[in-house]
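Readers should treat all values here as calculations from the given coordinates under stated rules, not as data from a laboratory. As the structure is a computational prediction, the values presented were derived from the model and not from experiment.
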Amino acid sequence: MASLFSAAAALTLFLGMNFMSDPQTGAVHGFFAAMAVAFASYVLLLFLSAGPRLDTAYVTLHSVRNELNGTHRSRR
């Protein structure tokens, strides 16, 4: 999902730079800028929410000792 939204953000920026950018400054504005920010924000939220899940999956899959996995109660 994140890869699709990353591609959509890149495509939106590409289209915005070619069709809606200010010729003097090169800044993207309007609809394309808003959509690029929305896609990029959603991708950032996806990565932030996936991080702890990926860490837990790694710890579970590789049987990391409780003292080293970072989620053991004695470390809090």
Seminar exercise, completed: For the range 55-66, in residue order, the Karplus 3J(HN,Hα) values (coefficients 6.51, -1.76, 1.60; θ = phi - 60°; whole Hz; Gly and Pro = x) are 5, 5, 5, 5, 4, 5, 5, 9, 6, 6, 4, 4
Seminar exercise, completed: Between (1) 81; (2) 117; (3) 144, the structure-derived volume of the Cα convex hull per residue in Å³ is (2)
